[in-house]
């Protein structure tokens, strides 16, 4: 496991003062769930299925699929199962259902969620994932029952990277940004939340268990939830 040397590492006790937190917002993929599944699904499984569907080689499929992905990265379409089903002529939701046994929790997730239910006023999932994808992953992991609200970017038409997303969820879900903790593995999303005014932000150092640790840039970050649980 590699910790980037250019990221300052604070002691666990310095990361979060829980007396300052009323609301916790958690991302799903890369925070609660191992991002290894999603990286495999989009980098390997989708091109392989595309190749079989369209009778091309795997390398040809990658040369066709990857540019389509790059073209919409960071937009709501990037995260939309229906968009990719239409664009690639594949049943993305069925493919996710068929491979859902590969979805796995990151370490200490359930212990952390159980503990949070006892110490904060509100606990919400805040995700760019499509609701059909959320349903597949919740059916596999059983995480749905821990949250007060499932806040899905597709309901707002913009991803979490867009500051207008935060404005809209604040309008619909009352919370005090100055007393809110948000954990996400995407620095662009964390920047958007910071611009909106969320005071307590954390990244994740190894969202994909099969890859080296990532640089969370200007944000404090954790390897596992036990680092911030008293």
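The values are calculated or read from the model by the stated rules, or taken from the named source; none is laboratory data. Keep in mind that this is a model prediction, so the values were computed, not measured. Here the Cβ positions follow ideal geometry from the backbone for every residue, glycine too, while neighbour counts run over all protein chains shown.
Taking segment 12-61 as the region of interest, the helices (runs of 4 or more DSSP H) fully inside it that hold 1 or more residues being surrounded by fewer than 15 Cβ atoms within 10 Å (Cβ to Cβ) and more than 20 Å from the chain's Cα centre (by Cα) are 12-15, 46-54.
One line per residue, one yes/no per condition, for (1) outside the structural domain of residue 114 (by TED's automatic domain parsing); (2) assigned to a helix (DSSP H, G or I); (3) at pLDDT 95 or above; (4) surrounded by fewer than 16 Cβ atoms within 10 Å (Cβ to Cβ):
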| site | (1), (2), (3), (4) |
| --- | --- |
| 140 | no, yes, yes, no |
| 150 | no, no, yes, no |
| 160 | no, no, yes, no |
| 167 | no, yes, yes, yes |
| 171 | no, yes, no, yes |
| 182 | no, no, yes, no |
| 185 | no, no, yes, no |
| 195 | no, yes, yes, yes |
| 201 | no, no, yes, no |
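Taking segment 139-176 as the range and being under 18 Å from residue 194 (Cβ atoms) and touching a helix residue (DSSP H, G or I) at 6+ places or on another chain (Cβ under 8 Å) as the test, the residues that pass are 151, 153, 158, 159, 160, 161, 162, 163, 165, 166, 167, 170. For segment 90-109, the criterion of being closer than 22 Å to residue 203 by Cβ, assigned by TED's automatic domain parsing to the domain that holds residue 160 and part of a helix (DSSP H, G or I) is satisfied by at least one residue. Of the residues 123, 113, the single one that is within 17 Å of the chain's Cα centre (by Cα) and assigned to a helix (DSSP H, G or I) is 113. Applying the set (1) touching a helix residue (DSSP H, G or I) at 6+ places or on another chain (Cβ under 8 Å); (2) touching a residue at least 40 places away in the same chain (Cβ under 8 Å); (3) not in a strand (DSSP E or B) to residue 212 leaves exactly one unmet item: (1).
For residue 136, the test of being surrounded by fewer than 19 Cβ atoms within 10 Å (Cβ to Cβ), part of a helix (DSSP H, G or I) and either in contact (Cβ under 8 Å) with a residue 12 or more places away in the chain or in contact with a helix residue (DSSP H, G or I) (Cβ under 6 Å, 6 or more places away or on another chain) (or both) is failed.
Criterion applied to 81, 51 was being in contact (Cβ under 8 Å) with a residue 12 or more places away in the chain and not assigned by TED's automatic domain parsing to the domain that holds residue 199, and the one residue passing it is 81.
Yes or no: segment 78-88 includes at least one residue that is within 26 Å of residue 225 (Cβ to Cβ) and at pLDDT 95 or above. Yes - at least one qualifying residue is present in segment 78-88. On the given criteria, is residue 74 closer than 19 Å to residue 193 by Cα, surrounded by fewer than 18 Cβ atoms within 10 Å (Cβ to Cβ) and in contact with a helix residue (DSSP H, G or I) (Cβ under 9 Å, 6 or more places away or on another chain)? When the stated conditions are applied, residue 74 passes them. Can you find even one residue in segment 59-74 that is within 23 Å of residue 152 (Cα to Cα) and in contact (Cβ under 8 Å) with a residue 40 or more places away in the chain? Yes, some residue in segment 59-74 is within 23 Å of residue 152 (Cα to Cα) and in contact (Cβ under 8 Å) with a residue 40 or more places away in the chain.
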